[in-house]
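These notes are about the structure you will find just below.
The values are calculated or read from the model by the stated rules, or taken from the named source; none is laboratory data. Being a predicted model, the structure only gives us computed values, none of them experimental. Don't worry about glycine lacking a Cβ; one is built from the backbone with ideal geometry, like all the others, and counts go over all protein chains shown.
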Amino acid sequence: MNQCDFHYSHLLPKKPGILPLDENLVRQCRRCGTTFTTKSRIRKRCDACQQVVAVQKQKEANERLRARRAARRALELGLRTN
Ligand SMILES: [Zn+2]
């Protein structure tokens with residue numbers, strides 16, 4: 001028997017599953033407070049709020065990207081002129 005065959009994985013704590021459940025869970029939306037059903041254990045918002053937040057996050061991500069590009073352009077211009 002090889003020493004490498006022994007491992008400790010059975011001693012690690014079991015991770016809680018994030019896979020969809022078979023049954024629906026009733027959750028309360030953290031944004032608008034309405035109750036909704038979901039198969040996802042990690043879902044925290046209702047469908048409507050999820051949509052709103054997704055659009056909002058996309059917009060924020062675009063703005064961050066634009067700001068980073070602008071900063072890099074300014075830096076490149078600064079290096080070129082100095
Ligand atoms: Zn909601």
Residues satisfying the stated conditions in segment 39-55, i.e. within 10 Å of the ligand (Cβ to nearest atom) and at pLDDT below 90: none
Any hit, segment 26-38, residues being at pLDDT below 95 and of a type in the set (Gly, Ala, Ser): no
